[in-house]
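Below is one structure, written out as C-alpha cells; comments come after it.
The values are calculated or read from the model by the stated rules, or taken from the named source; none is laboratory data. Note that the structure is a prediction, hence the values are computed from the model and not measured. Positions of Cβ are generated from backbone atoms using ideal geometry, with glycine treated the same way; all protein chains shown enter the neighbour counts. Ligands, DNA and RNA are stripped out before the accessible areas are found, and what is left, the full protein with its side chains, is counted by its heavy atoms. Shrake-Rupley method; radii C 1.70, N 1.55, O 1.52, S 1.80 Å.
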Amino acid sequence: MVLSNTDILIIGILIPFLGTTIGAAMVFLFKNDTMNPLIQKIMSGFAAGVMMAASVWSLLIPAMEQCEPMGKLAFAPALVGFMLGILFLLLIDFILPHLHANSDKPEGLHANLPKSTMLVFAVTLHNFPEGMAVGVALAAYISGESAITLSGALALAIGIAIQNFPEGAIISLPLRHELKSKWKAFIYGFGSGVVEPIGTIVTVLLTKLMVPILPYLLSFAAGAMVYVVVEELLPEASEGEHSNWSTLAFAIGFGLMMVLDVALG
C-alpha cells in the first residue's frame, strides 16, 4: 500500500503523541504522587539516550550527507544549525517561566503562575524540539531532497514516542499532587504534548520553503534536542545515588534508537 503525504503526516503526528498520552495515563496506575527516584533516574537516562542517538543518527548525519557536494566543508551547515538550535533553546529556557518536577525553584522570567502551569511549561521545552525534529524529518522525506527515507522518518517518530512515555509519566505524578485529581493530571500531561503535533504540522506545511535550508533545520532540531538532554535529562539521571543504573539506561536508549534508525532507515 502506498501512503499519501497526508497519511504520512498523520502517522508522524500520532506516533509521538501516543507516547506522551500513554505516559500521562500512568497517573492512574501509580498509587503514590511521586515516582520512585531510581525509576525516574532510569527513565530520564533512557530518554536522554534516545534523544541523543536521534540527534546524531536521524538528524546530524543526514544533514551532512545532504551537503556532501561541499566536500570537506560538508560539516559547516550542520555545525551552524546545531549551534543555532542550542542557542535558541537557551533563549527559550531563559524566557519561559517553568518549574522542573524535582525542584521548587522556578526558572525563566518571573511570573505569578500556578506551579502546575510551570510544570507543564517545563515539559513543553522538551516537546517543542522533538515535534520540530519529526516535522523536519518528514519534510525532508516529502521534499525528496534529502537522504532521509520514509522508514527513517518514521523511525525517528517511534524513537520520540518511546522517550515521550517516561516524560509523560514523570510529569503526570507531580501534577496529580498539585491538582489533587488524577483526571486533571492526565489532561495536563496529555496537553503538554500538544506542542509536538503543532510543530510537526507547521514544519511540514513549510516544506517547499525549507528545502534550500534543510541541512540547517535538521541540525537545528538536533541542537535543540541535545540542549534538553544536557541541561535537564542528564543532571536528573546522574544526581544522587545509583547513577550507574541511569547510565545503563542511557546506553540502552541510545542503542535502541540507533538500531531503529539504521534498521528502518
Relative packing of 70-80, 7-17, which averages over residues the other C-beta atoms within 10 Å, highest first = 7-17, 70-80
Expressed as a percent, the accessible surface of the chain that is carbon or sulfur, using a 1.4 Å probe and the full set of protein chains, is 72
Positive dipole terminus of the chain, leading residue within 56, 46, 27 (C-beta point charges) | 27
Pop a pseudo-label 7 angstrom from the Cα along the beta-carbon direction at both residue 208 and residue 245 and give the gap in nm to one decimal.
-> 5.3
Applied in sequence order to the stretch 80-97, the curve 6.51 cos²θ - 1.76 cosθ + 1.60 (Karplus, θ = phi - 60°) yields integer Hz couplings, x standing for Gly and Pro, of 4, x, 4, 5, 5, x, 4, 5, 5, 5, 4, 5, 4, 4, 6, 8, 6, x
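Can you tell me which of 148-156, 110-118 comes out highest on packing, and rank the rest after it, using the mean Cβ neighbours within 10 Å?
On the way: 148-156: 22.7, 110-118: 13.2.
Per-residue mean Cβ counts within 10 Å order the peptides as 148-156, 110-118.
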In nm, give the distance between the simple-model label positions of residue 38 and residue 181, each being 7 Å from the Cα along the Cα-to-Cβ direction.
-> 3.5
Could I have the simple spin-label model distance between residue 194 and residue 68, label points 7 Å from Cα toward Cβ, reported in nm to one decimal?
-> 4.3
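For residue 94 and residue 109 in one chain, what is 0.36 nm times their gap in residues minus the Cα-Cα distance, to one decimal in nm? Spell out each step's value before the answer.
Values: separation 15, 0.36 × 15 = 5.40 nm, distance 0.67 nm.
Once the chain is fully extended between residue 94 and residue 109, it gains 4.7 nm.
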Nearest-20 debye value, the chain charge dipole, Cβ charges on Lys, Arg, Asp, Glu = 500
Answer with one residue from 165, 78, 94: the one whose Cα lies farthest towards the positive end of the charge dipole of the stretch 43-169, charges on Cβ with Lys, Arg +1 and Asp, Glu -1.
-> 94
Span from the the stretch 145-206 Cα centroid across to the the stretch 58-121 one, whole angstrom = 16
Give a residue-ordered list of calculated ³J(HN,Hα) values for the stretch 179-196 (Karplus: 6.51 cos²θ - 1.76 cosθ + 1.60, θ = phi - 60°; whole Hz; x for Gly, Pro).
-> 8, 6, 7, 5, 5, 5, 4, 5, 4, 5, x, 4, x, 5, x, 4, 5, 5
